Amino acid sequence: MRIVVWGTGVTGRATAREMISQGHEVRLVDENTPLRQGRSASGGEDIPVKMVEAEDIKWADIVIPSPGIPKDHPILEYATRICSEIEVAYQLLSGKLIAVTGTNGKTTTVTLIYKILDAAGLNVAQGGNISPPLISLVGSAPEIVIAEISSFQLEWIERFKPYIAVCMNITPDHLDRYMGMEEYVTQKLRIFENQGVGDLAVINDNDTYLANIKTKAKIAGFALNKGKRECGAYIKDGRVWFYGEIEGKGPLIECAYPLGNGVIEDMLVSALVARLMGVDIPVMEDVFKKFKGIHHRMELVAEINGIKFIDDSKATNVGAVEKALSGLPSGIILILGGKDKGGDFSVVASQYKAKIKKAILIGQASKRIEREISCFVDVEIVSGMEEAVGLAYLSASPEDTVLLSPGCASFDMFESYAQRGESFVRCVKNLIKNKN
């Protein structure tokens with residue numbers, strides 16, 4: 001079969017390698033002059049990379065585009081068939097698939113589910129939107145795969161069907177790519193579209209976008225308070241409780257990580273999935289106690305003169321900022337901004353104005369965010385991370401919190417949210433060095 005893999009990032013190169021190993025004729029293409037070459041499956045000669053042309057798309061039986069390629073890219077009109085990498089991986093993987101989507105909480109939840117199932121002694125691997133790419137797991141043939149799945153990855157699925165499909169929540173995001181919330185929600189809900197009566201759909205009971213989903217799968221609900229589904233889980237007295245056919249006392253919610261509502265919800269979902277997979281409660285509790293969080297997700301960097309500095313660079317949408325603010329006390333110096341994704345910050349600023357002492361804005365979206373929130377909180381625009389951290393420290397008092405929770409993508413100033421977080425950490429460390 002003739003296959004075009006469009007994109008030379010980690011996922012594209014892994015896809016090209018696997019397609020070659022499967023015996024297909026592969027062209028690896030990109031829109032820009034490649035800075036690197038993809039290695040072949042045998043580790044030998046490089047896979048040739050060329051600038052994408054209409055002729056490549058016409059030549060291919062299947063085009064496998066990077067998630068970053070928009071569906072309406074004009075050159076795709078020449079494609080005979082388009083599949084996402086997760087669709088191709090799904091058709092090659094033989095193990096049970098547990099797939100997690102949603103606007104926020106995916107990475108933490110996938111990590112926790114993986115840790116619990118691994119601690120239970122199951123043959124499990126994780127991948128997808130969280131490293132490594134799903135297709136890179138084909139060779140190891142795990143019995144269970146935990147996959148983080150984005151809306152972009154769901155755009156080109158055909159038969160993709162998780163045994164357990166989880167939707168954490170849906171809040172405004174990627175409105176720079178989609179025409180509006182309706183299109184974004186439609187793509188998110190595709191995770192359930194191929195499920196059958198033997199599959200399980202795990203759904204946030206408090207999310208209005210998920211209230212009336214259509215699926216043939218059996219539904220289990222989750223919420224901090226008990227929902228109205230026939231089966232599910234909730235939190236009571238610091239513990240998970242299961243109800244319905246999985247009824248029983250679940251694990252205590254405690255860990256070595258600052259607990260906010262977002263992390264508590266992630267633990268709730270991971271416990272529910274583990275229960276559905278038959279894992280014992282003590283295994284879940286042990287994983288929760290040892291959990292130290294996700295890098296760049298509500299990560300305590302340092303405390304200087306009683307002022308805490310928290311790195312939440314992974315918060316790339318307004319909903320993630322709301323979750324961060326919900327778990328912190330008043331006295332927050334909030335660093336916001338980056339590449340604009342179209343989210344509305346006015347509601348979160350209004351809701352948490354009593355907590356936010358000052359908002360410091362950076363990046364491309366700073367002017368728009370200023371217009372939306374300046375009537376609720378004190379705002380100042382600065383040129384970059386170093387100036388933002390310095391001003392935040394000068395604006396804070398003992399027991400205040402400096403929170404980097406940008407609510408935007410990072411690509412205007414940084415290569416990734418991780419690089420943005422490292423920049424924040426470096427600036428905080430420089431503060432400590434200068435103090436000493």
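Listing for the model above:
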{"read-out": "Residue tally, condition out of contact with any Pro (no Cβ under 8 Å at 6 or more places or on another chain) and crowded, with 24+ Cβ neighbours inside 10 Å, over segment 333-355", "value": "5"}
{"read-out": "All positions within segment 133-159 that are in a loop (DSSP other than H, G, I, E, B), in contact (Cβ under 8 Å) with a residue 24 or more places away in the chain and either out of contact with any helix residue (DSSP H, G or I) (no Cβ under 9 Å at 6 or more places or on another chain) or not small (Gly, Ala, Ser) (or both)", "value": "133, 138, 141, 142, 143, 149, 155, 156, 157, 158, 159"}
{"read-out": "Every residue from segment 166-219 that is among the acidic types (Asp, Glu) and in contact with a Phe, Trp or Tyr (Cβ under 6 Å, 6 or more places away or on another chain)", "value": "199"}
{"read-out": "Contacts under 8 angstrom Cβ, first residue in segment 90-116 being acidic (Asp, Glu) and buried (at least 24 other Cβ atoms within 10 Å of the Cβ), partner at pLDDT below 95 and not in a helix (DSSP H, G or I), 6 or more apart", "value": "none"}
{"read-out": "Segments classed as strands (runs of 3 or more DSSP E), wholly inside segment 183-297, with at least 3 members that are surrounded by 15 or more Cβ atoms within 10 Å (Cβ to Cβ), assigned by TED's automatic domain parsing to the domain that holds residue 106 and among the aromatic types (Phe, Trp, Tyr)", "value": "239-243"}
{"read-out": "Segment 414-436 residues that are within 28 Å of residue 130 (Cα to Cα), paired with ones that are among the acidic types (Asp, Glu) and in a helix (DSSP H, G or I) (beta carbon under 7 Å, 6 or more apart)", "value": "427/386"}
{"read-out": "Candidates 341, 323, 429, filtered to the one that is closer than 25 Å to residue 107 by Cβ, modelled with pLDDT of 95 or more and of a type in the set (Lys, Arg)", "value": "429"}
{"read-out": "For residue 347: the one exception among (1) of a type in the set (Val, Ile, Thr); (2) touching a residue at least 60 places away in the same chain (Cβ under 8 Å); (3) in a helix (DSSP H, G or I)", "value": "(2)"}
{"read-out": "Test: residue in segment 64-80 that is within 21 Å of the chain's Cα centre (by Cα), modelled with pLDDT of 95 or more, more than 30 Å from residue 284 (Cβ to Cβ) and buried (at least 22 other Cβ atoms within 10 Å of the Cβ)", "value": "yes"}
{"read-out": "Filtered residue count, segment 31-63, keeping only those that are modelled with pLDDT under 95 and either closer than 15 Å to residue 11 by Cα or touching a Cys at 6+ places or on another chain (Cβ under 6 Å) (or both)", "value": "9"}
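The values are calculated or read from the model by the stated rules, or taken from the named source; none is laboratory data. Remember, it's a predicted structure, so these values are computed and weren't measured experimentally. Every residue, glycine among them, receives a Cβ derived from its backbone with ideal geometry; neighbour counts consider all protein chains shown.
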